[in-house]
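Enquirer: Once you've had a glance at the structure underneath, I'll fire off some questions.
The values are calculated or read from the model by the stated rules, or taken from the named source; none is laboratory data. A quick note: this is a predicted structure, and the numbers were derived from the prediction, not measured. Here the Cβ is made from the backbone with ideal geometry for all residues, glycine too, and neighbour counts use every protein chain on show. When the accessible area is computed, the model is the full protein with side chains, heavy atoms only, and any ligands, DNA or RNA have been set aside. Shrake-Rupley method; radii C 1.70, N 1.55, O 1.52, S 1.80 Å.
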Amino acid sequence: MDEHLWSADDQMGSTYQRHAEDSAYNAHYDRPAVLAALGPVGGLRILDAACGPGLYTQELAARGVEVSAFDASTVMVELARKRTANRVQIDRAVLGGPLPYPDSSFDLVVCALAIHYADDRSTALAEFCRVLRAGGAVVLSTQHPTMDWLRKGGSYFDVKLETDIWHTPSGNQPVRFWREPLSALCTAATGAGFLIEKVIEPLPAGTMREHYPEDYEKLTREPGFLLLRLVKPRDPRPGPA
């Protein structure tokens with residue numbers, strides 16, 4: 001993930017943290033869906049990949065999980081360390097580059113709303129596969145490719161760097177991300193060695209209806225995010241004959 005893709009996190013810092021704590025799309029859509037897709041986590045070792053301000057890290061640690069985390073943004077790393085009172089190992093590492101963890105270190109990897117910021121999604125997924133034990137899983141969420149296509153136009157099959165403008169209390173913030181069709185992300189996942197266990201198009205949590213009724217109505221009609229649950233096979237795949 002080149003600096004220009006994660007530098008927005010450095011600039012937004014605590015503004016993004018406050019937003020994500022109770023926003024419609026983060027708190028009442030992405031987090032409930034991702035945590036449900038993780039399933040029971042007691043006693044597992046989990047990596048929170050591109051952890052941002054540490055909202056998932058904090059939640060998983062509170063559930064008694066042995067959790068590690070990393071982010072490319074030094075600001076987000078510091079926010080996550082503060083949120084977890086420095087009781088969790090949180091490293092500075094780039095999604096899409098080599099990760100500072102041994103092979104087969106984790107039972108689960110969670111990567112929430114970050115894979116579309118990685119310049120090299122294939123390498124990011126290959127690193128997830130490397131640090132997972134056999135039989136382990138990745139749960140990742142991302143922007144739904146149909147949503148991006150409807151918003152940005154052009155061909156659905158485009159793979160291109162796009163820019164959104166986030167309106168923050170401190171001003172407008174350009175945020176760049178990779179747009180690609182679902183087939184491209186799935187091909188990157190299977191090419192990294194994963195089996196696709198589930199494709200999830202989540203509905204918003206019921207709590208959104210009360211706090212954000214317009215967002216709730218929209219997300220019950222059309223998709224906003226997409227989740228994949230990917231499994232690392234227990235047995236190596238046979239090579240060509």
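Enquirer: Only Cα pairs under 8 Å and at least 6 apart count here; give the relative contact order of segment 1-149 as a rounded whole percent. Present the calculation step by step, with values, prior to reporting the outcome.
Expert: Numbers: 264 pairs, mean separation 36.4, N = 149.
With pairs under 8 Å counted, the relative contact order is 24 percent.
Enquirer: In whole Å, largest first, what are the principal axis extents of the Cα atoms in the chain?
Expert: Computed over the Cα atoms, the extents are 53, 45, 36 Å.
Enquirer: Quick check: with the 1.4 Å probe, what order do ILE200, ILE115 take by accessible area, largest first?
Expert: Numbers: ILE200 45, ILE115 5 Å².
Descending accessible area places them as ILE200, ILE115.
Enquirer: Would you mind working out the accessible area per residue for segment 82-241, using a 1.4 Å probe, and quoting it in Å²? If you can, show how the numbers build up before the last one.
Expert: Values: 8250 Å² over 160 residues.
The answer is 52 Å² per residue.
Enquirer: Loop-only check: which trypsin sites (Lys or Arg not before Pro) in segment 114-190 are DSSP coil with at most 14 other Cβ within 10 angstrom? Spell out each step's value before the answer.
Expert: Values: sites: ARG121, ARG130, ARG133, ARG151, LYS152, LYS160, ARG176, ARG179; in loops: none.
Qualifying residues, ordered by number: none.
Enquirer: Right, something else. Per DSSP H run of n ≥ 4, the term is -39500 (n - 2.57); total these for the chain, divide by its residue number, and report the mean residue ellipticity at 222 nm rounded to 500 deg cm²/dmol.
Expert: Details: 10 runs with 87 residues, N = 241.
Here the helix-only value at 222 nm equals -10000 deg cm²/dmol.
Enquirer: Could you tell me which chymotrypsin sites (Phe, Trp or Tyr not before Pro) in segment 122-165 are loop residues by DSSP with no more than 10 other beta carbons within 10 angstrom of their beta carbon? Numbers along the way, then the final one.
Expert: Working: sites: PHE128, TRP149, TYR156, PHE157; in loops: TYR156, PHE157.
Filter output for segment 122-165: empty list.
Enquirer: Using Cα positions and a limit of under 30 Å, work out the lysines in reach of LYS160, with same-chain residues fewer than 8 apart set aside.
Expert: Straight-distance partners of LYS160: LYS152, LYS198, LYS218, LYS232.
Enquirer: Continuing with this model, one more query. Could you tell me how many cubic angstrom of Cα convex hull volume segment 160-227 has per residue? Each step should come with its number before you reach the end.
Expert: Numbers: hull volume 9.3 nm³, N = 68.
Convex hull volume per residue, Cα atoms: 137 Å³.
Enquirer: If you average the sequence gap of Cα pairs under 8 Å that are 6 or more apart and divide by the length of segment 68-159, what percent do you get for the contact order? Let's see the in-between values first.
Expert: On the way: 116 pairs, mean separation 23.0, N = 92.
The normalised contact order for segment 68-159 reaches 25 percent.
Enquirer: Mind listing the phi-derived Karplus ³J(HN,Hα) values for segment 46-58, rounded to whole Hz, using 6.51, -1.76 and 1.60 with θ = phi - 60°, and x for any glycine or proline?
Expert: 10, 9, 9, 8, 6, 6, x, x, x, 5, 5, 4, 4
Enquirer: Work out the length of the dipole vector of segment 1-129 about its Cα centre, built from +1 on the beta-carbon of each Lys and Arg and -1 on the beta-carbon of each Asp and Glu, and round it to the nearest 20 debye. Mind dumping the intermediate values first?
Expert: Values: 10 positive and 18 negative charges, 99 e Å.
Here the size comes out at about 480 debye.
Enquirer: How do ILE90, ILE196, ILE165 stack up against each other in accessible area, from largest to smallest, with a 1.4 angstrom probe? Mind showing how you got there, number by number?
Expert: Values: ILE90 5, ILE196 65, ILE165 85 Å².
Correct descending sequence by accessible area is ILE165, ILE196, ILE90.
Enquirer: Determine the order of HIS144, HIS19 by accessible area, beginning with the largest, at a probe radius of 1.4 Å. Can you show the working numbers first?
Expert: Working: HIS144 10, HIS19 105 Å².
Sorted by accessible area, descending: HIS19, HIS144.
Enquirer: Please list, ordered by chain and number, the residues whose modelled amide H lies under 5 Å from the amide H of ARG45; skip anything fewer than 5 residues away on the same chain.
Expert: Long-range HN contacts for ARG45: ASP107, LEU108.
Enquirer: Placing +1 at every Lys and Arg Cβ and -1 at every Asp and Glu Cβ, with all other atoms neutral, what dipole size does the chain have around its Cα centre, in debye to the nearest 20? Present the calculation step by step, with values, prior to reporting the outcome.
Expert: Numbers: 25 positive and 31 negative charges, 110 e Å.
That gives a dipole near 520 debye.
Enquirer: Read phi for every residue in segment 124-130 and hand back ³J(HN,Hα) as whole Hz from Karplus 6.51 cos²θ - 1.76 cosθ + 1.60, θ = phi - 60°, with x for Gly and Pro.
Expert: Going residue by residue, I get 4, 5, 5, 5, 4, 5, 5 Hz, with x marking Gly and Pro.
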